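The values are calculated or read from the model by the stated rules, or taken from the named source; none is laboratory data. Owing to the predicted nature of the structure, the values given are computational and were not obtained by experimental measurement. Here the Cβ positions follow ideal geometry from the backbone for every residue, glycine too, while neighbour counts run over all protein chains shown. Surface accessibility is based on the protein's heavy atoms, side chains included, excluding ligands, DNA and RNA. Shrake-Rupley method; radii C 1.70, N 1.55, O 1.52, S 1.80 Å.
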Amino acid sequence: EAGVAQSPRYKIIEKRQSVAFWCNPISGHATLYWYQQILGQGPKLLIQFQNNGVVDDSQLPKDRFSAERLKGVDSTLKIQPAKLEDSAVYLCASSLDLRSRYEQYFGPGTRLTVT
Amino acid sequence: AQTVTQSQPEMSVQEAETVTLSCTYDTSENNYYLFWYKQPPSRQMILVIRQEAYKQQNATENRFSVNFQKAAKSFSLKISDSQLGDTAMYFCAFMIALYGGATNKLIFGTGTLLAVQP
């Protein structure tokens, strides 16, 4: 089966600009996650969707980050405006449903550099 | 709050040798999962092995095995017969086993960079 797809793979922007990342989960996976991985750290959950509803966005900086999952399939994560500290790898993951929650499959990530 | 600690930022092992990566965690929960993920330079997170906290038997996946000490809150990964392709960053991760729609986020440690030398 096809894995989790993400685009772009790399993005370089200047601070205060906007950027958007796209994620296409594995077909049929109801749960989708966005993680932020800062260099030298482990990934940290930003937001979790179950179908098109938000389960957890407690660590999402809502003043500048937003995410949506229209129609319960693809998802986009947006940063507006970007700050230097947003430089990180943004990982998308999906799982079949909440009952198979431990089986999270990750995409290749998008490396964002803010200058 | 749950925390995961990996105290070895980098490790090196000779090809065909055995290496053990350490991980400790802190939680007041009784039901949870523990994981080891591998992240090669391609950045793709790959699940290596999973352990359910209620299981006393240590998980094993081919050359990978864990030593799960629940009382000590320790979860180490042993890689036997190390191969060049094992070179990667290894992350220990924790997940609370909640049900009924609650979040099931993974909480990661800071990682251990493993280099397998030829």
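Residue separation of residue A:113 and residue A:64 scaled by 0.36 nm, minus their Cα-Cα distance, works out to 16.0 nm of gained length. Note on the protein assembly as shown: antiparallel DSSP beta bridges, both residues inside, total approximately 90 percent of the bridges counted. Stretching residue B:83 away from residue B:69 to a fully extended chain increases their span by 2.4 nm, per 0.36 nm per residue minus the current alpha-carbon distance. Counting Cβ atoms of other protein chains within 10 Å of each Cβ in A:36-45 and taking the mean gives 5. Within 10 Å of the Cβ of each residue in A:105-112, the mean number of Cβ atoms contributed by other protein chains is 3. Surface exposure of the protein assembly as shown, expressed per residue as accessible area with a 1.4 Å probe, stands at 48 Å².
Taken about its Cα centre, the stretch A:5-114 carries a charge dipole of about 220 debye when Lys and Arg each add +1 at the Cβ and Asp and Glu each add -1 at the Cβ. Evaluating 6.51 cos²θ - 1.76 cosθ + 1.60 at θ = phi - 60° for every residue in the stretch B:107-118, the Karplus couplings come out as 10, 9, x, 8, x, 10, 7, 9, 10, 9, 8, x Hz, glycine and proline recorded as x.
Between A and B, roughly 2000 Å² of accessible area is buried in total, ligands, DNA and RNA not counted and the probe set to 1.4 Å. The mean number of partner chain beta-carbon atoms within 10 angstrom of a residue's beta-carbon across peptide B:107-115 is 2.
Centre-to-centre separation between the Cα atoms of the stretch B:48-118 and those of the stretch B:1-46: 5 Å.
Label separation (residue B:26 vs residue A:71): 4.6 nm, computed from points 7 Å beyond Cα along the C-beta direction. Taking only the alpha-carbon positions of the stretch A:5-114 and ignoring solvent, what does the Debye formula give for the base-10 log of I(q)/I(0) at q = 0.12, 0.15 Å⁻¹? Each listed q corresponds, in turn, to -0.36, -0.57.
For residue B:8, project a label point 7 Å along Cα to C-beta. Then give me every residue of the stretch B:33-59 with its amide nitrogen under 15 Å of that point. Those under the cut-off are B:36-38. Dipole of the protein assembly as shown (Lys/Arg Cβ +1, Asp/Glu Cβ -1, origin at the Cα centre): which of B:7, B:56, A:40 lies farthest to the positive side? Checked the options; the winner is A:40. Computed over chain B with a Gaussian network model linking Cα atoms closer than 10 Å, the most mobile of B:47, B:21, B:34 is B:47. Placing pseudo-labels 7 Å out from each Cα toward the beta carbon at residue B:117 and residue A:16 gives an inter-label distance of 5.0 nm. Magnitude of the charge dipole for the protein assembly as shown, about its Cα centre and with charges confined to Cβ atoms of Lys, Arg (+1) and Asp, Glu (-1), is about 480 debye. Expressed as a whole percent, the accessible area of chain A that falls on carbon and sulfur atoms is 51 (1.4 Å probe).
Once Rg and the Kirkwood radius are both taken over the C-alpha atoms of chain B, their ratio Rg/Rh works out to 0.97. Summarising the amide proton neighbourhood of residue A:5: residues at separation of 5 or more, or on other chains, whose placed amide H is nearer than 5 Å comprise A:24.
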